[in-house]
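Have a look at the structure below, then the notes.
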Amino acid sequence: MINEKLSKKNWFIIALFCFMGGVAWNTENMYFNTFITNEIYADVSQSAIMGSMEATTAIARMVALSAVAAVLTTFVMGALSDRLKNRKMFISVGYILWGIVTAMFGFITKDNVANLFNLTDEAKILGSTVWFVIFMDIVMTFMGSTSNDAAFQAWVTDVTVPKQRPFVETVLSVVGTISMLAVTGVGSFAQAGTITYKAFFIGLGLVVTLCGVFGLVLIKDPPRTLEREVSSNYWADLFYGFRPSVIKANARLYLALVSFCFAIIAFQVFYPYLLTYVQYVIIPDNGGTENILKPGVIITAVVVVAILLACIVALLKLSTKKRGFCLVVGVVVMSLGFFILSTSTSIYVIILSLLPVVLGNALVNILFGATIKDFIPEGKAGLFQGIRMIFAVLLPMVIGPVIGDMACQRAAQTIINEANAEVIVPAKDMFLWAGVVCIFALIPLYFLIKKGLDVETEESQKEVA
């Protein structure tokens with residue numbers, strides 16, 4: 001029986017590895033995208049773009065292929081970590097290599113790629129550089145999915161029980177948000193050109209690697225991991241979650257995953273393009289950074305944040321008794337926020353829309369995260385990480401950016417780069433599409449609530465042999 005009170009050491013490990021994992025993931029998910037627009041496409045000609053691809057299309061392809069790599073990795077390495085009963089090495093060594101690959105992005109330039117492949121044609125140089133970035137992103141994703149998605153998430157499941165998980169998921173969400181803000185703070189200097197992308201990638205890569213080194217000393221696999229019975233057929237384990245008998249016996253898990261999937265697809269419609277949208281649309285439309293930072297805007301932001309925190313705390317307390325109601329609220333208010341964002345580029349409208357968007361996103365991520373962990377069959381955490389990744393990563397990151405790219409292409413909002421070429425940038429239309437997608441999350445959520453959200457003890461909810 002696992003202790004219903006987490007040790008201080010385990011809390012520290014959860015916070016540290018969540019934070020540093022967030023640093024690596026947010027560097028990849030947010031700043032590889034701005035890196036493509038601001039560095040790779042900064043000085044290319046119109047003919048080079050026409051002979052290769054638009055920046056938004058390059059971003060959509062990178063996100064989609066990264067998602068495929070993430071899911072395949074989690075399936076293979078999640079089952080392998082179960083089989084070897086050694087999450088510690090998967091987490092620690094994975095973080096070490098994850099940081100090293102992140103640092104290597106600092107050395108990717110069009111000149112280096114041209115010299116590496118002996119290229120002279122500008123369109124081929126641009127296309128090859130984009131695909132080299134995508135390839136390295138896939139390598140980085142393999143490291144991150146092995147250490148974080150496959151091993152760390154399974155380790156958290158192994159060291160917790162259902163009673164703890166809503167609070168643990170809240171902590172993970174808060175720490176993840178802090179890591180995103182930290183990366184955004186540092187990354188804004190790279191985006192503005194104050195520091196180079198090379199320094200940015202190398203610096204953050206080194207701290208992630210250092211975290212992995214600490215993991216070799218700090219992390220200990222719990223008894224639940226070490227005492228697990230392992231199937232004799234590794235390949236059968238890879239497809240365990242696809243068995244009809246498993247799906248039927250764990251219907252609530254799959255309903256939660258489908259509903260969560262729609263919400264994450266909605267988020268991915270705009271998220272890969274968000275910082276580029278801020279840089280090239282929001283800031284210019286509001287008269288520059290100086291106007292955005294004026295007292296009225298700051299006061300409005302502070303008030304919104306205060307209200308937001310109060311709402312999140314109140315709804316999370318309510319969720320202990322009415323989780324289904326709070327999930328519906330999360331989906332509805334997040335959709336409302338997306339619709340508001342699609343109406344204007346005014347900084348005041350954007351700040352006010354953050355209340356429903358962030359509130360809804362927090363509830364969706366925290367409560368679905370806890371629900372999914374609750375419904376994973378006992379002793380099968382590693383086997384189900386791949387299934388979770390299909391719905392939380394693969395489908396959202398393949399479908400969402402494509403929808404976002406379509407919205408941006410239809411809006412045809414452009415900037416002129418250093419070579420006087422038109423480069424398509426994101427437009428507010430993408431938020432309207434995100435809101436429509438998000439509403440669909442209510443359909444599987446309705447059936448999930450009808451089945452009940454409490455963890456049951458009947459045989460049908462236990463692991464399937």
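The values are calculated or read from the model by the stated rules, or taken from the named source; none is laboratory data. A quick note: this is a predicted structure, and the numbers were derived from the prediction, not measured. When we count neighbours, we look across all protein chains shown, and the Cβ atoms used for this are built from the backbone with ideal geometry, even at glycine.
Which members of region 275-314 meet the condition of being within 30 Å of T56 (Cβ to Cβ), without any contact (Cβ under 8 Å) to a residue 40 or more places away in the chain and not in a helix (DSSP H, G or I)?
Correct list: G287, G288, L293.
Filtering region 304-322 down to residues that are in contact with a helix residue (DSSP H, G or I) (Cβ under 9 Å, 6 or more places away or on another chain) and over 18 Å from P162 (Cα atoms), which residue is surrounded by the fewest Cβ atoms within 10 Å (Cβ to Cβ)?
The qualifying residue surrounded by the fewest Cβ atoms within 10 Å (Cβ to Cβ) is I307.
Pull up region 407-421, narrow it to residues that are touching a residue at least 24 places away in the same chain (Cβ under 8 Å) and in a helix (DSSP H, G or I), then point me to the one that is surrounded by the most Cβ atoms within 10 Å (Cβ to Cβ).
Of everything passing the filter in region 407-421, C408 is surrounded by the most Cβ atoms within 10 Å (Cβ to Cβ).
In region 405-416, is there at least one residue being more than 16 Å from A150 (Cα to Cα), of a type in the set (A, V, I, L, M), modelled with pLDDT of 90 or more and under 18 Å from the mean Cα position of the chain (by Cα)?
No, there is no match, as no residue in region 405-416 is more than 16 Å from A150 (Cα to Cα), of a type in the set (A, V, I, L, M), modelled with pLDDT of 90 or more and under 18 Å from the mean Cα position of the chain (by Cα).
So which residues in region 294-317 are under 26 Å from the mean Cα position of the chain (by Cα), farther than 30 Å from C408 by Cα and of a type outside the set (V, I, T), if there are any at all?
A306, L309, A310, C311, A314, L315, L316, K317
Name the one entry in L395, L432, L445 that is touching a Cys at 6+ places or on another chain (Cβ under 7 Å) and part of a helix (DSSP H, G or I).
L395
Which residue, of F338, F325, F368, F384, is surrounded by fewer than 21 Cβ atoms within 10 Å (Cβ to Cβ) and outside any loop (DSSP other than H, G, I, E, B)?
None of the others qualify; the one that does is F325.
Could you grab me the full set of residues in region 75-98 that are crowded, with 21+ Cβ neighbours inside 10 Å and not β-branched (V, I, T)?
Once the filter is applied, which keeps residues that are crowded, with 21+ Cβ neighbours inside 10 Å and not β-branched (V, I, T), region 75-98 yields F75, M77, G78, A79, S81, D82, R87, F90, S92, G94, Y95, W98.
If V133 satisfies every condition in (1) closer than 27 Å to N365 by Cβ; (2) in a helix (DSSP H, G or I) but one, which is the exception?
Checking V133 against (1) closer than 27 Å to N365 by Cβ; (2) in a helix (DSSP H, G or I), the one that fails is (1).
Please specify each residue of region 350-365 satisfying the condition of being closer than 21 Å to N148 by Cβ and either crowded, with 24+ Cβ neighbours inside 10 Å or touching a strand residue (DSSP E or B) at 6+ places or on another chain (Cβ under 8 Å) (or both).
Of everything in region 350-365, just one residue is closer than 21 Å to N148 by Cβ and either crowded, with 24+ Cβ neighbours inside 10 Å or touching a strand residue (DSSP E or B) at 6+ places or on another chain (Cβ under 8 Å) (or both), namely V364.
From the list L327, L359, L341, which residue is under 16 Å from L448 (Cα atoms) and aliphatic (A, V, I, L, M)?
L327
Select from region 123-161 the residues that are under 22 Å from the mean Cα position of the chain (by Cα), under 18 Å from F105 (Cβ atoms) and among the β-branched types (V, I, T) and write down the one among them that is modelled with the lowest pLDDT.
Across region 123-161, the extreme among qualifying residues is T141.
How many residues does region 170-209 contain that are surrounded by 21 or more Cβ atoms within 10 Å (Cβ to Cβ), over 19 Å from the mean Cα position of the chain (by Cα) and at pLDDT below 90?
The total comes to 2.
Any idea which of V113, V101 is in contact with a Leu (Cβ under 9 Å, 6 or more places away or on another chain), among the β-branched types (V, I, T), buried (at least 18 other Cβ atoms within 10 Å of the Cβ) and on the phi < 0 side of the Ramachandran plot?
So the residue among V113, V101 that is in contact with a Leu (Cβ under 9 Å, 6 or more places away or on another chain), among the β-branched types (V, I, T), buried (at least 18 other Cβ atoms within 10 Å of the Cβ) and on the phi < 0 side of the Ramachandran plot is V113.
Name the residues in region 341-352 that are part of a loop (DSSP other than H, G, I, E, B) and under 22 Å from K294 (Cα atoms), would you?
Result: S344, T345, S346.
How do the pairs read when you match residues in region 161-182 that are over 23 Å from V23 (Cβ atoms) with residues anywhere that are basic (K, R) and at pLDDT 80 or above, using Cβ under 9 Å and keeping only pairs 6 or more apart or on different chains?
Listed pairs, sorted by first residue: P162/K373; R165/K373; P166/R323.
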